[in-house]
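The values are calculated or read from the model by the stated rules, or taken from the named source; none is laboratory data. The structure presented is a predicted model; accordingly, all values stated were derived computationally and were not measured. We place every Cβ from the backbone using ideal geometry, glycine too, and count neighbours over all the protein chains shown. Please note that ligands, DNA and RNA were not included when accessible areas were found on the heavy atoms of the full protein model with its side chains. Shrake-Rupley method; radii C 1.70, N 1.55, O 1.52, S 1.80 Å.
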Amino acid sequence: MSGQPMTRREFLGRGAAGAAVALAGAAFVPSRAFGANDRIRIGLIGAGGRGYSLAGEMHGLDKEVNAEITAVCDTWHARREQVAETMKEWYGGEVRQFVDYRGLLEWDGVDAVIIAPPDFAHAIILRDAVRAGKDAYVEKPFATDLNEANEALDAVRATGKIVQVGTQRRTERLWRAAAKAIQSGILGKISRVEIMWNDSNPRWNKGNFELTEQDVDWKRFLMNRPYRPFDPHRYREWQLYRDYTNGTFALLGTHFFDVVHWFLQTGYPATAVASGGKYVWMDHREHEDTATALLEYPEGFQCQYTSMLGNSTGSGCRIYGTNGMFSDAIWTISGSGGGKDAIKEAIKLTPEPGESHVRNWLEAVRARTQPAAPAEAGHKHAVANILAYQALIRSRKMRYVPETRSIVEA
């Protein structure tokens, strides 16, 4: 699987037919039962900065949870070899290398996978991974395309595999404390949420670097995205291009969309409007450096999300209710509402028990229980980021139709 490169025609043919046959046949592969002394063998798909960080997090607790990385997959040859060598040093055994993730999924030396390639590949690889009998940790966003999000969720449900989505606030101690407080109803009727993720730098623009097509497997990187001649900027700075992600709504906003869904225990967003533009960084990026979306939820509240890359002031989350408000800037619930149970004195939140997001997943894999951020939560934040992005690029109010799991003009 990691040998000779395929032509684009061969790749698309295999992706649409051959891979479907190979992996659909494994759609009901039974989960391996892990005894107390059984080691969980992990394959790392995507060995870039985020994937390597997750591997490091796992290495910090691998003896406690009895797990190891046995395989590494990446389309950048030097990076893959470097990370595989590091994994060998950590675990003391040979680490198998793959260019094509499907080869890794077919190997019986892996029980579960960490999925951390560029955003557009998350849902596709997750779908194939669970069909191949692997549990999975999939980075956020869960998906950037709604059809792919639906397919991935359906595959997880059909196979019963254990899936953790990388929205790690769900296992962080202060965020857990805030969720507990807000779910108690202390804020009264909530009508508005403001979430912001701002920066004063040209995020994801790595500047000048040397990379040639011989250094990578460009066609495998593109997967099912439109073919374009090799471009090192598209490969190393994929976050800046529309083919590969949904801008700041996907790259940053999904963390906070997930917080809103978790804290307020909502259904899916109903509608979205959005606007934005390139106002600060006039480089080769296609995505807006400043964008705002306003989402309405059927439970009866608005959620405003803003990202700007021209000033770092004001990042965070505020939730407004008739009795008061929550702010993660000072981890406090304070009085500002006019409800009958209006909060009189500010309440300082204290951390709840929490743990590493990777540990939470590995313990769920061993126990065959749901982790903190299951696939259903990922699908919900995917709908939010896709809905907002479609409103932005179409300059239209867009609506999510839950009965058909589709997005249409409102």
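Give the residue that is nearest to Ala293 (Cα to Cα), with candidates limited to residues of segment 372-385 that are open to solvent by 10 Å² or more (accessible area, probe 1.4 Å) and not basic (Lys, Arg). That would be Ala377.
Out of segment 109-141, which residues are of a type in the set (A, V, I, L, M, F, W, C), under 11 Å from the mean Cα position of the chain (by Cα), open to solvent by less than 10 Å² (accessible area, probe 1.4 Å) and closer than 17 Å to Asn360 by Cβ? Correct list: Ile115, Val138. Among the residues making up segment 192-227, those that are of a type in the set (D, E, K, R) and either within 30 Å of Gly324 (Cβ to Cβ) or open to solvent by 40 Å² or more (accessible area, probe 1.4 Å) (or both) are Arg192, Glu194, Asp199, Arg203, Lys206, Glu210, Glu213, Asp215, Lys219.
Each residue in segment 164-184 was checked for being open to solvent by less than 40 Å² (accessible area, probe 1.4 Å) and either under 23 Å from Ile343 (Cα atoms) or more than 16 Å from the chain's Cα centre (by Cα) (or both), and 6 pass. The helices (runs of 4 or more DSSP H) falling completely within segment 31-101 that include 2 or more residues that are of a type outside the set (Asp, Glu) and in contact (Cβ under 8 Å) with a residue 60 or more places away in the chain map to 49-59, 77-91. Residues that are in a loop (DSSP other than H, G, I, E, B) and farther than 17 Å from Val156 by Cα were ranked within segment 386-409; the one that is most open to solvent (accessible area, probe 1.4 Å) is Glu403.
Looking at Glu363 and the list (1) assigned to a strand (DSSP E or B); (2) open to solvent by 40 Å² or more (accessible area, probe 1.4 Å), which single condition is not satisfied? Exception for Glu363: condition (1). Checking each residue in segment 221-259 for being among the polar types (S, T, N, Q) and assigned to a helix (DSSP H, G or I) picks out Gln239, Thr248, Thr254.
Among the residues of segment 171-210, not one is hydrophobic (A, V, I, L, M, F, W, C) and without any contact (Cβ under 8 Å) to a residue 12 or more places away in the chain. For the residues Ala36, Ala22, Ala26, Ala78, the requirement of being of a type in the set (A, V, I, L, M, F, W, C), surrounded by fewer than 16 Cβ atoms within 10 Å (Cβ to Cβ) and modelled with pLDDT under 95 singles out Ala36.
Evaluated against (1) buried (at least 16 other Cβ atoms within 10 Å of the Cβ); (2) under 23 Å from the mean Cα position of the chain (by Cα); (3) not acidic (Asp, Glu), Gln265 falls short on exactly one condition, (1).
Which one is least open to solvent (accessible area, probe 1.4 Å) among residues in segment 319-360 that are charged (D, E, K, R) and in contact with a helix residue (DSSP H, G or I) (Cβ under 8 Å, 6 or more places away or on another chain)? Filtering first and then ranking leaves Asp328.
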